[in-house]
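Notes to accompany the following structure.
The values are calculated or read from the model by the stated rules, or taken from the named source; none is laboratory data. Here the structure is a predicted model, which means the values were calculated and not measured. Quick reminder, even Gly has a Cβ in these numbers, built from the backbone with ideal geometry, and neighbours come from all protein chains shown.
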Amino acid sequence: MIEEVLEVLVFPGALFIIVISLFYEWVDRKLYARLQNRVGPHLAGPFGILQPFADLIKLLSKENIVPAPADRFTFTFAPIIASAATLFVCMFLPVTGLKGILSFEGDLIVVIAILSLYSIVVYLAGEGSRSRFASIGAARGALQLLGYEIPLTLTLLSLAVSARSLSIAGIVKAQVERGLWFIADQHIIGFIIFLIAAQAEMERIPFDIPEAEQEIVAGWEVEYTGTRLALFRLSEDFELFFLSGLGAALFLGGPAGPVIPGLEPLLYTVYFLIKTTFILFLFTIIRAVFARLRIDQMISFSWKWLMPFAVILIILTEVLA
Amino acid sequence: MKAPGYFIAEALRNLFKKRATILYPYREVDKIHVPEGFRGRIEFNREKCIGCQLCSRVCPAKAIEVVQDEKGKRPVFLIYRCIYCGQCAEVCPAKAITLSKFFENIALRKEDLVVR
Amino acid sequence: MSFEVNIGPQHPIHVEPIMLDLKVEGELIVDVDVDVSYLHRGIEKGFEVRTYLQGLYLAERICGICNCAHTLCYCLNVEQLLGKDVPPRAKYLRLIVEELSRMHSHLLWLGHYFHTLGFETLFMYFWRDRERVMDMLELITGNRVTTAYNTIGGVRRDITSEIEAKLRKALDYLEERMKYYEKVIDNEPTILARTQDVGILKPSEAISLGAVGPHLRASGVKHDVRLDDPYSGHDEVPFNIVTYDSCDCYARVKVRLGEVVESINMIRYALDHLPSGEYRLKIPPFFKAPEGESLARVEAPRGELVHYSISNGGTSPYRYKVRTPTLANILSVVYMLKSRDGHEVYIADVPPILGGIDPCICCTARVTIVNGVNEARKILSLNELSRLYRERRR
């Protein structure tokens, strides 16, 4: 009983997820800076590792302002739901073993639903602020959901068909039993669709249209300050960790790898983190080499290119299964 | 439609190159290279000054005041108003004013930014 | 259902305050109103109370990036008043520094433009290469940005052979980089998607709205002050005028990239053919200009810059007027931002379009309000001015 509580709260639960997400934000920023010939964070802690912690603490110490016309309830609840949802969904990842803390049959559908919930929360946050820029950002965020959601769902479902299971742990087990990671067969198409759709989900360049800093000044986040903004930033970091981990678990075999019996949890964690870091590298490189798209171009791109490939993928999977 | 990601090769190559940033001022202060002829802070040689007051009249920013001391009139340079144009050095007939290479002209007291 | 979004006066894409009042329906822009008066500093009055030599340094600070163009235009203006002509070596040296400063301005603009498009990596790369240009400017003139190189009667310093050697090396490096950037811009589909067919301005519309500079040349009109009115050795140094025919933001990027390459070639030619002799005429620091008026035009990095002055025989000008290129280009921004039938403009197009004219708002705001009906000039106190402003904005 105590063991399970500690598992959920400390490792590999909430505390571990918070720490590793902030670490991954540092990895992302440092790599992004090195791709641009710059230094990146270098003052807070050795090599600037503590910079995301410092940013979090700084945000928590700022003044909490609620704009006068805003709807107090939505304004306060949106960041809480966003960070809680993304923290919750991280617990389905198989970090220390072939199953996550909360894994159950069907958790892939729950994951997809909560990722959509995040986008709806973004819309609520923007509209609840009752500000012009926030409304534009919220509308763009909801519109962006229409673009990437269906190809992403089709990709994940095609993996479920190949693995004959609707849980992330089941897909990992299927890769272990096959002896071959899912990226090595027709699911490579799905991997590319997943990379693009995940960038759109996390609202990073080239799809950071809802919070385009240069056009609508932080979009739906524009009225948030202090603790609420800290929670939104944390939720973005959780999402980064979650989607990288999801990519590693679904396509690269998750924590699977050569094991020494007795040291299994440690080795599984190490393998999982290495693969997650690799997927994170791919996300950062995509972020660095493209310009931002316009919202109509993004929607037409995803319906002209992502959708057909997702449909081809699922047909291929059905045929080959 | 052209294939995206033309830029990836260059970006990845830069990952392994040395960074272009100079970590000034906390480390690497000596890597700042200031060339000869840089127009920095004013340096004044009292011995050479002949008291013609041309520098004070020509300064565009009114940064030179003239005071009387035991040897005659001489200028006082207010660095907090100086725009580093170098006009005073050009116009001085006795070549008593030079512009050094020092560029960190910040101080906590106004007195530190006056050259007498 | 339309509502109003104002881009400005403080906004991440604005380097200086300018107000763009947009009426939008969803993402489509329906109507635009512009206000450029936020940066009025009283510079034209400042010229009237300073001597001609002191006014040179005020002219330099009208704009940080086009400072070389402003000092050059001022010097040409005053030399015209005095009736003097600078020696040939000074003309070539002025050309070299002017072209270096044009390269600096275009590299800065390219970096900033891609930053507004969201492509931060290219922004950092352009600004890293711009550092080389600023190092060269520092070697030649003594300062990276406010160069203070032109003076009435010539230039203030000479170029030695070591400086020339370093300059040539930097030019070789920059030429290689420009070729690479041209390939990136031509081959990257996200950049093409954001800049092609955005901000269309036909040549006839551009001329009737009074556009100048690279903005005009990107609509295919071959107009350049250096060709029409050569002012500093431009009749001896050969160069091409870079135009492009597609009249959109992509054309503006290509024109400015091409101008950087042209500047490199011009500097190389000028260094090879530098005439010997003195580089400065002896002009005393305090002089009384003869009575008369004079006008000088210069091709600043952003377009045609005009300085006009009237002298009544004193040590300061009686009246000095500056017409900057951005003031001429703002009207075309207002025209380009409205959606016309067949051509829709979205909010996401505001950064490419506004950035495409290379706005330098600190050059722009220099207007006074004269009551045209009864020719009375009203001077408003600060309280009256703020009351009027609040009433209008309500």
Within region B:71-86, can one find any residue that is under 30 Å from C:Asp129 (Cβ atoms), in contact with an Asp or Glu (Cβ under 6 Å, 6 or more places away or on another chain) and not basic (Lys, Arg)?
no
Kindly list, by first and then second residue, each pair from a residue in region A:30-46 that is without any contact (Cβ under 8 Å) to a residue 12 or more places away in the chain and within 14 Å of chain C (Cβ to nearest Cβ) to a residue that is crowded, with 19+ Cβ neighbours inside 10 Å and part of a loop (DSSP other than H, G, I, E, B), limited to pairs with Cβ atoms under 7 Å and residues at least 6 apart or on different chains.
A:Ala33/A:Gly40; A:Arg34/A:Gly40
Quick count over region C:335-384, residues being under 30 Å from C:Lys45 (Cβ atoms), modelled with pLDDT of 80 or more and outside any loop (DSSP other than H, G, I, E, B), is 1
Which of the following residues is touching a helix residue (DSSP H, G or I) at 6+ places or on another chain (Cβ under 8 Å), assigned to a loop (DSSP other than H, G, I, E, B) and closer than 23 Å to C:Asp85 by Cα: C:Pro230, C:Pro290?
C:Pro290
Flagged in region C:79-113 as within 21 Å of the chain's Cα centre (by Cα) and without any contact (Cβ under 8 Å) to a residue 24 or more places away in the chain, in numbering order, are C:Gly111
Among (1) touching a residue at least 60 places away in the same chain (Cβ under 8 Å); (2) in contact with a His (Cβ under 8 Å, 6 or more places away or on another chain), where does C:Tyr231 come up short?
(2)
So, of the residues in region C:13-33 that are without any contact (Cβ under 8 Å) to a residue 40 or more places away in the chain and within 12 Å of chain A (Cβ to nearest Cβ), which turns out to be nearest to A:Asp296 (Cα to Cα)?
C:Gly26
Tell me which residues, restricted to region B:62-116, are touching a Cys at 6+ places or on another chain (Cβ under 7 Å) and surrounded by fewer than 16 Cβ atoms within 10 Å (Cβ to Cβ).
B:Pro93, B:Ala94
What residue, among those in region A:136-158 that are at pLDDT 90 or above and more than 15 Å from A:Ile196 (Cβ to Cβ), is nearest to the other protein chains (Cβ to nearest Cβ)?
A:Ser158
May I ask you to list the residues in region A:227-251 that are surrounded by fewer than 22 Cβ atoms within 10 Å (Cβ to Cβ) and either modelled with pLDDT under 90 or polar (S, T, N, Q) (or both)?
A:Thr227
If you take just the helices (runs of 4 or more DSSP H) that sit entirely in region C:50-151, which of them hold at least 3 residues that are crowded, with 20+ Cβ neighbours inside 10 Å, within 14 Å of chain A (Cβ to nearest Cβ) and in contact with a strand residue (DSSP E or B) (Cβ under 7 Å, 6 or more places away or on another chain)?
none
Having 3 or more residues that are at pLDDT 90 or above and under 20 Å from C:Asn143 (Cβ atoms) is the bar; report the strands (runs of 3 or more DSSP E) wholly within region B:49-99 that clear it.
B:97-99
Kindly list the number of the only condition in (1) over 20 Å from A:Tyr224 (Cβ atoms); (2) more than 14 Å from chain C (Cβ to nearest Cβ) that fails for A:Lys58.
(1)
Test for B:Ala3: is it assigned to a loop (DSSP other than H, G, I, E, B) and at the interface with chain C (Cβ under 8 Å from one of its Cβ atoms):
yes
When C:Ile191 is evaluated against the numbered criteria (1) more than 14 Å from chain A (Cβ to nearest Cβ); (2) of a type in the set (A, V, I, L, M); (3) buried (at least 22 other Cβ atoms within 10 Å of the Cβ); (4) in contact with a Phe, Trp or Tyr (Cβ under 8 Å, 6 or more places away or on another chain), which criterion, by number, is the only one it fails?
(1)
Flag if A:Phe194 is closer than 20 Å to A:Leu240 by Cα and assigned to a helix (DSSP H, G or I)
yes
Which of the numbered conditions does C:Leu171 fail, given that it passes all the others? Conditions: (1) in a loop (DSSP other than H, G, I, E, B); (2) in contact (Cβ under 8 Å) with a residue 60 or more places away in the chain; (3) buried (at least 19 other Cβ atoms within 10 Å of the Cβ).
(1)
When you scan region B:69-80, do you find a residue that is among the β-branched types (Val, Ile, Thr), more than 14 Å from the chain's Cα centre (by Cα) and more than 25 Å from C:Ile152 (Cα to Cα), even just one?
yes
Among the residues of region C:3-16, are any of a type in the set (Phe, Trp, Tyr), under 23 Å from C:Ile310 (Cβ atoms) and out of contact with any Phe, Trp or Tyr (no Cβ under 6 Å at 6 or more places or on another chain)?
no
For region B:30-37, indicate whether the set of residues that are more than 12 Å from every other protein chain (Cβ to nearest Cβ), out of contact with any helix residue (DSSP H, G or I) (no Cβ under 9 Å at 6 or more places or on another chain) and either assigned to a loop (DSSP other than H, G, I, E, B) or farther than 30 Å from A:Leu43 by Cα (or both) is non-empty.
no
Out of curiosity, is C:Leu110 at pLDDT 90 or above and under 30 Å from A:Ala218 (Cα atoms)?
yes
So B:Lys110 passes all but one of these: (1) closer than 29 Å to C:Glu162 by Cβ; (2) out of contact with any helix residue (DSSP H, G or I) (no Cβ under 7 Å at 6 or more places or on another chain); (3) away from every other protein chain (no Cβ under 11 Å); (4) not acidic (Asp, Glu). Which condition number does it fail?
(1)
Select from region A:117-135 the residues that are within 14 Å of another protein chain (Cβ to nearest Cβ) and either under 17 Å from the mean Cα position of the chain (by Cα) or of a type in the set (Ser, Thr, Tyr) (or both) and list them in ascending order.
A:Ser131, A:Ser135
